[in-house]
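What follows is one structure encoded as structure tokens, with my remarks underneath.
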Amino acid sequence: MSIKVVVVDDDIMVREGMKIILSLDKEIEVIGTCSNGDEAFTFCQGNTVDVILMDIRMPICDGVLGTKKICSSYEKVKVLILTTFNDDEYIVEALKNGASGYLLKNIPPEEVIKAVKIVNEGNMLIHPSIAEKVPLLLKREEKKDFSKYNLQEIEIEIMRLIAEGYSNKEVSEKVFLSQGTVKNKITDILSRLNLRDRTQIAIFYLKNGK
């Protein structure tokens, strides 16, 4: 079964270009294009959508608000931000609103195809230059409530320290546990939350701590 994708961008050249690029892969089917977040939200009401490739700055309804509307109403739809804007505020808000990824338009076409497949599988994907910012962005956020995830306080603290860029050795010193115990805790966190690596722990901390 093909991955059903919608391309959302206010630039018709970008929309059509992305449609052509994605259509080169036989596992992907572009079922629609939209010029803003509201159009994408309306499109989801009458169609089965797997992944939305969403721009940020658009008239009427931008990508941040569009992501919030879509992700809060359609849990199975994955939103992948693809934009020219490496802006801290956009990054934080898009991820908080439920985006599964945030990429910049300077990546090669084959990387866009790969990204669509990755988020469709339920994984999160962040452009490398943006992933480096995550620890700093997290420090600006207010204390988060993870009660709904049934995590231990020590696990939340380990997640916070990982998000702020500390190594396992540094984490162990901060929480007064052996490195082996910290590694086991991290493994438990990854398994319980179905995450792949430390970067995804940091992203999860930002995205889900509401």
- Query: Among D87, D55, D62, which is the only one that is assigned by TED's automatic domain parsing to the domain that holds S100, within 25 Å of I130 (Cα to Cα) and within 14 Å of the chain's Cα centre (by Cα)?
  - Reply: D55
- Query: Does segment 129-140 include one or more residues that are loosely packed, with under 15 Cβ neighbours inside 10 Å and either touching a strand residue (DSSP E or B) at 6+ places or on another chain (Cβ under 8 Å) or modelled with pLDDT of 90 or more (or both)?
  - Reply: yes
- Identify, by number, the condition in (1) within 25 Å of L195 (Cα to Cα); (2) in contact with a helix residue (DSSP H, G or I) (Cβ under 6 Å, 6 or more places away or on another chain); (3) surrounded by fewer than 20 Cβ atoms within 10 Å (Cβ to Cβ) that L65 doesn't meet. (1)
- So which of I52, I56, I60, I81 ends up being more than 15 Å from L125 (Cβ to Cβ), touching a strand residue (DSSP E or B) at 6+ places or on another chain (Cβ under 6 Å) and among the aliphatic types (A, V, I, L, M)? I56
- Item | Exclusive hit being closer than 15 Å to L206 by Cβ, surrounded by 14 or more Cβ atoms within 10 Å (Cβ to Cβ) and free of Cβ contacts under 8 Å to residues at least 60 places away in the same chain, set I56, I81, I52 | I81
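Each row is one residue, and each column tells you yes or no for (1) over 24 Å from I130 (Cα atoms); (2) among the acidic types (D, E); (3) in a loop (DSSP other than H, G, I, E, B); (4) in contact (Cβ under 8 Å) with a residue 40 or more places away in the chain.
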site: M1; (1), (2), (3), (4): yes, no, yes, no
site: V14; (1), (2), (3), (4): no, no, no, yes
site: I21; (1), (2), (3), (4): no, no, no, yes
site: T48; (1), (2), (3), (4): yes, no, yes, yes
- Sole miss for K69 among (1) more than 16 Å from the chain's Cα centre (by Cα); (2) in a helix (DSSP H, G or I) is condition (1)
- Item | segment 23-46, residues that are in a helix (DSSP H, G or I) and in contact (Cβ under 8 Å) with a residue 24 or more places away in the chain | G37, D38, E39, A40, F41, F43, C44
- Conditions: (1) at pLDDT 90 or above; (2) assigned to a loop (DSSP other than H, G, I, E, B); (3) among the basic types (K, R). K117 meets all but one. Number of the miss? (2)
- Item | Every pair of residues 6+ apart whose Cβ atoms lie under 9 Å, when the first sits in segment 155-173 and is farther than 14 Å from I189 by Cβ while the second is among the hydroxyl-bearing types (S, T, Y) and in a helix (DSSP H, G or I) | S172/T181
- Note on the structure: Residues of segment 153-210 being over 18 Å from N123 (Cα atoms), over 18 Å from the mean Cα position of the chain (by Cα), exposed (fewer than 14 other Cβ atoms within 10 Å of the Cβ) and at pLDDT below 90, in sequence order, are E153, S167
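The values are calculated or read from the model by the stated rules, or taken from the named source; none is laboratory data. The shown structure was predicted, so the numbers you read here are calculated from the model rather than taken from an experiment. Here Cβ is always computed from backbone atoms with ideal geometry, including for glycine, and neighbour counts include all displayed protein chains.
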